[in-house]
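Data first, discussion second: the structure below is written as structure tokens.
The values are calculated or read from the model by the stated rules, or taken from the named source; none is laboratory data. Quick caveat: nothing in here was measured; it's all calculated off a predicted structure. Here the Cβ positions follow ideal geometry from the backbone for every residue, glycine too, while neighbour counts run over all protein chains shown.
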Amino acid sequence: MVQYLSEQGTFAMRRESFEIEGYKHGGNPIPAVTRIGNLVLTGGISGIDTGTGTMPAALEDQCSNMFVLADKVLKAANAKLEDVIKVTVFMKAGLSREALNREWLKYFPDPHSRPVRHTLVNEHLAAGMLIQCELMAVTG
């Protein structure tokens with residue numbers, strides 16, 4: 001955590017941004033994850049296969065990849081999935097939430113310790129993308 005002394009003589013926290021190897025936001029100057037103090041927020045996390053750089057055609061594969069990538073993204077900012085308090089999911093219209101819920105239960109099995117989730121329809125996801133999420137986490 002980077003801190004600086006403000007004009008009032010108090011310490012203030014600075015924003016830190018992190019990138020993930022093999023994962024970019026279409027060439028835009030957007031970090032994968034940003035942290036201020038114990039608050040961690042991600043940009044959009046897709047279901048891309050970061051090993052091949054391709055987007056799988058199947059929703060099931062995209063959901064699986066999305067959670068694996070979410071874990072990597074959070075680790076870059078010294079956070080983990082257990083720190084997540086809210087997940088916002090964007091899906092193309094008409095898709096079943098079955099694949100999403102299967103992965104959700106795999107990563108958040110305890111019904112008494114799950115983040116909240118809001119799932120929205122987004123018809124403007126990038127080509128081939130069927131699902132994307134954003135995470136909010138609080139560490140420590």
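Once segment 60-118 is narrowed to residues that are surrounded by 19 or more Cβ atoms within 10 Å (Cβ to Cβ) and part of a strand (DSSP E or B), the residue that is farthest from the chain's Cα centre (by Cα) is Met91.
Criterion applied to Thr50, Thr42 was being modelled with pLDDT under 95, within 30 Å of Arg14 (Cα to Cα) and of a type in the set (Ser, Thr, Tyr), and the one residue passing it is Thr50.
Being modelled with pLDDT of 95 or more, under 26 Å from Pro31 (Cβ atoms) and in contact with a Cys (Cβ under 7 Å, 6 or more places away or on another chain) is true for just one of Leu81, Leu100. Which residue is that?
Being modelled with pLDDT of 95 or more, under 26 Å from Pro31 (Cβ atoms) and in contact with a Cys (Cβ under 7 Å, 6 or more places away or on another chain) holds for just one of Leu81, Leu100, which is Leu100.
Taking the condition of a type in the set (A, V, I, L, M, F, W, C) and under 20 Å from Ala99 (Cβ atoms), does Ala32 pass? The answer is no for Ala32.
Tally time: how many residues in segment 15-37 are assigned to a loop (DSSP other than H, G, I, E, B) and either free of Cβ contacts under 8 Å to residues at least 60 places away in the same chain or surrounded by 14 or more Cβ atoms within 10 Å (Cβ to Cβ) (or both)?
Looking only at segment 15-37, we keep the residues that are assigned to a loop (DSSP other than H, G, I, E, B), and these are 15, 19, 21-22, 24-32, 37.
Those still in the list that are either free of Cβ contacts under 8 Å to residues at least 60 places away in the same chain or surrounded by 14 or more Cβ atoms within 10 Å (Cβ to Cβ) (or both) too: 15, 19, 21-22, 24-25, 27-32, 37.
Matching residues across segment 15-37 total 13.
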